[in-house]
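Asker: Sharing a structure below in structure tokens format, with a few things to ask.
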Amino acid sequence: MKTITRRSLLLGGLVAGTGVAGAALAAAGRRFGLIPPDWRNIYGPGETLSYAAHRLFGRNALAREFPRSMISAKPFANGISKPTEAFTRHHAENFVNWRLDVDGHVARKTSLSLVELRAMERRSQVTEVVCEEGWSYVAEWTGTPLATVLNSIGVRPTARWVVYYSSDPDWWESIDLDEAMHPQTLLAWEMNGADLPVPFGGPLRLRVPRQLGYKSVKFVDRMVVTDSLDGFGDGSGQSEANAGYAWYAGI
Ligand SMILES: Nc1nc2c(c(=O)[nH]1)N[C@H]1C(S)=C(S)[C@@H](COP(=O)(O)O)O[C@H]1N2
Ligand SMILES: [Mo]
């Protein structure tokens, strides 16, 4: 975030407030896509300010891309929970039966195999995975832009958010439609020129390079396009496992 104008400061401050005026402003802000779903939570005021500023002034901003020479020699794979039986079976089958299901506010819901995904448009980018704990690494990611998939099935005008699930049942996240349609948001199936290794989220990971690492969910197998995050968990747009994190994690 480079510029904090008086306007966004005012908006953030007011939205963070309670009472009738705050609620009315929050409704207006929500209508214009400036309010994150967890605005009432602990990070609410600061996060609302950051999200509103990014959406007002940096909607199309690009995450930094690096030259290949800066790819980390030893990328760090963060710990993941024990794989489910279903995942272990997919792994043993070399993921030939892995599918990504996409439904919700779309014209034609779909279910794509990895072969089908790979046959669509591809994009490669060298970007950084930044964990909220303070470490990071740079890698080349190759995959299908999420926008390509969404455009091919048709997003209905009511769509506002995309919820995405991991085969790991405790881990799901969501992004707004700006992030989902952003050219750098990738359904990644390759890392550094090879099939995406399981520890890094193989066979399929949503790379969201404009946000912190926890938004880049590993083992993605389902997405729901929705008009509202109410009814998804507690409505704050994330799984319990991610509850301590800000929903909007713009870098
Ligand atoms: N399914 C799943 N996705 C996940 C996680 C996880 O535990 N499970 N950890 C997240 C966190 S907190 C970070 S920082 C990054 C770490 O990515 P890495 O393992 O490639 O370093 O993955 C994210 N995606
Ligand atoms: Mo993380």
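The values are calculated or read from the model by the stated rules, or taken from the named source; none is laboratory data. Note that the structure is a prediction, hence the values are computed from the model and not measured. For neighbour counting, all protein chains shown are included, and Cβ atoms are generated from backbone atoms with ideal geometry for every residue, glycine included. With ligands, DNA and RNA removed, areas are computed over all heavy atoms of the protein, side chains included. Shrake-Rupley method; radii C 1.70, N 1.55, O 1.52, S 1.80 Å.
Asker: Considering only lysines 8 or more places apart in sequence, or on different chains, count the pairs in the chain whose C-alpha atoms sit under 29 Å apart.
Answerer: 8
Asker: Over the heavy atoms of Val126, what accessible area does a 1.4 Å probe trace out, to the nearest 10 Å²?
Answerer: 10 Å²
Asker: Separate question: If I take R0 = 25 Å and measure r between the Cβ atoms of Trp135 and Arg59 in this structure, what FRET efficiency does the formula 1/(1 + (r/R0)^6) give, to the nearest 0.05?
Answerer: The formula returns an efficiency of 0.30 here.
Asker: Moving on to the next point. Within region 193-216, find all residues whose amide N lies under 16 Å from a label point positioned 7 Å from the Cα of Asn94 along Cα-to-beta-carbon.
Answerer: In region 193-216, the label zone of Asn94 (backbone N under 16 Å from the point 7 Å along Cα→Cβ) covers 194-198, 203.
Asker: How much FRET efficiency would the formula 1/(1 + (r/R0)^6) give for Ser152 and Glu240, where r is the Cβ-Cβ distance and R0 is 30 Å, rounded to 0.05?
Answerer: Working: r = 32 Å, r/R0 = 1.08.
Computed FRET efficiency for Ser152 and Glu240: 0.40.
Asker: While we're here: Below 15 angstrom from the Cβ of Pro197, what's the summed charge of the other residues (Lys, Arg +1; Asp, Glu -1)?
Answerer: Local net charge: +1.
Asker: Within the chain, which whole H helices from DSSP have a Cα span along their axis of at least 27 Å and a mean Kyte-Doolittle hydropathy of 0.5 or more, if any?
Answerer: Qualifying helices: none.
Asker: Residues of region 203-241 with backbone nitrogen within less than 19 Å of a virtual label 7 Å along the Cα-to-Cβ line of Ala77, please, listed as ranges.
Answerer: Counting backbone N atoms under 19 Å from the label point, the list is 203-208, 213-221.
Asker: Ignoring ligands, DNA and RNA, please state the percent of accessible area on the chain from carbon and sulfur, probe 1.4 Å.
Answerer: 55 percent
Asker: Percent of Cα-Cα pairs per 10 Å bin, from 0 to the last occupied bin, for the chain, please list those.
Answerer: 7, 31, 36, 20, 5, 1
Asker: Mind giving me the nanometre distance, one decimal, between the label points for Ala86 and Ile42, set 7 Å out from Cα along Cα→Cβ?
Answerer: In this crude label model, Ala86 to Ile42 measures out at 3.1 nm.
Asker: In percent, how large is the relative contact order of region 65-242, given Cα pairs closer than 8 Å and 6 or more residues apart? Numbers along the way, then the final one.
Answerer: Numbers: 360 pairs, mean separation 43.8, N = 178.
Relative CO of region 65-242 lands at 25 percent.
Asker: Quick one: what do you get for region 142-251 if you divide its Cα Rg by 2.2 N^0.38 Å?
Answerer: 1.00
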